[in-house]
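Please read the structure below before turning to the comments.
The values are calculated or read from the model by the stated rules, or taken from the named source; none is laboratory data. Everything numeric in this text was worked out from a predicted model, so none of it was measured. Every residue, glycine as well, gets a Cβ built from its backbone with ideal geometry; the counts of neighbours run over all protein chains shown. Ligands, DNA and RNA are stripped out before the accessible areas are found, and what is left, the full protein with its side chains, is counted by its heavy atoms. Shrake-Rupley method; radii C 1.70, N 1.55, O 1.52, S 1.80 Å.
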Amino acid sequence: MIRLRSRRAAAEMDYPVAPNDGVPFAVLHEDEALLVVNKPAGVVTQPGKKHERDSLLNGLFASYGDLLRNLGAARSYGLLHRLDRETSGLVVVALRNRAYDELRSQFENRQVRKKYWALVLGCPRPAQAVLQDPIAEVVASRKKAVIRRDGQQAITAYRVLESTGEASLVEARPKTGRLHQIRVHLAHRGHPVLGEDLYAAGFRMPRVPRLCLHACELSFVHPVSGHRLTINCPWPQDLAKVTERLGLMWR
């Protein structure tokens, strides 16, 4: 007996990104113009080599494929920014062309406010500062960032929220969006993010389950209402356990 494909299944065959409803993510805000989702650690943001079907975008296409397909590759199917695979937290996704264009402009003009929490080695001094080391991208076996005089402008404001001396909980606010910016800036000052596998050579690091970096807040002007929208994402349970084990009890 031959079964006819459903219209939904037939439409999904035409999607430029393979839908995958097994990709985990949580929707923290949704309206007709955009989504803000919580991406878990271990999930890449967009499809690439060895991740053609298990990225966040594959998961988004399972629920929002018709809208994202309409934005097209030129608008990155709605993705306005990315998080590293092992970084958890907030990602904003446009659902309409106008929303994408207006939010893209805000990102490019540094009007989107981003806040991260990180567990780092040692205690940064001073306890609050702005890091402005220029960053360049290099490609070896893996793409990575380096501090270099001829690199692009990179600005990260940070403050120490709590410290034991051996480890600290840091709030970081990147003003620019360079590759691995927070990670390379903090490591360059001698305080790599715990779980770091690229920028911690020569450091004796405590064992942790993953990169201890979480995108906890996004704030931008809504492209339809014109009001500023701020979305927060709580410290994930796996990092809460690490925080407590290190003697950092901040909430």
Pairs please, first residue from segment 222-249 and assigned to a helix (DSSP H, G or I), second anywhere and among the acidic types (Asp, Glu), Cβ atoms under 7 Å, 6+ apart in sequence or on different chains. none
For the subset of segment 163-179 comprising residues that are under 17 Å from the mean Cα position of the chain (by Cα) and open to solvent by 30 Å² or more (accessible area, probe 1.4 Å), which member is nearest to residue 217 (Cα to Cα)? 173
Among (1) outside any strand (DSSP E or B); (2) at pLDDT 95 or above; (3) open to solvent by 30 Å² or more (accessible area, probe 1.4 Å); (4) within 21 Å of residue 82 (Cβ to Cβ), the one test that residue 197 misses: (2)
Tally of residues being among the polar types (S, T, N, Q) and closer than 13 Å to residue 131 by Cβ across segment 164-192: 2
State whether one or more residues within segment 118-125 are surrounded by fewer than 17 Cβ atoms within 10 Å (Cβ to Cβ), among the basic types (Lys, Arg) and either closer than 24 Å to residue 230 by Cβ or touching a strand residue (DSSP E or B) at 6+ places or on another chain (Cβ under 6 Å) (or both). no
Please count how many residues of segment 102-120 are of a type in the set (A, V, I, L, M, F, W, C) and part of a helix (DSSP H, G or I). 2
Tally of residues being open to solvent by 40 Å² or more (accessible area, probe 1.4 Å) and either at pLDDT below 95 or touching a Gly at 6+ places or on another chain (Cβ under 7 Å) (or both) across segment 85-109: 2
By residue number, the members of segment 19-50 that are without any contact (Cβ under 8 Å) to a residue 60 or more places away in the chain, open to solvent by less than 40 Å² (accessible area, probe 1.4 Å) and more than 26 Å from residue 227 (Cβ to Cβ) are 19, 23, 43, 44, 45, 48
Scan 146, 160 and give me the residue that is surrounded by 13 or more Cβ atoms within 10 Å (Cβ to Cβ) and either touching a Cys at 6+ places or on another chain (Cβ under 9 Å) or assigned to a loop (DSSP other than H, G, I, E, B) (or both). 160
What is the one condition in (1) open to solvent by 30 Å² or more (accessible area, probe 1.4 Å); (2) on the phi < 0 side of the Ramachandran plot; (3) free of Cβ contacts under 8 Å to residues at least 40 places away in the same chain that residue 187 does not satisfy? (1)
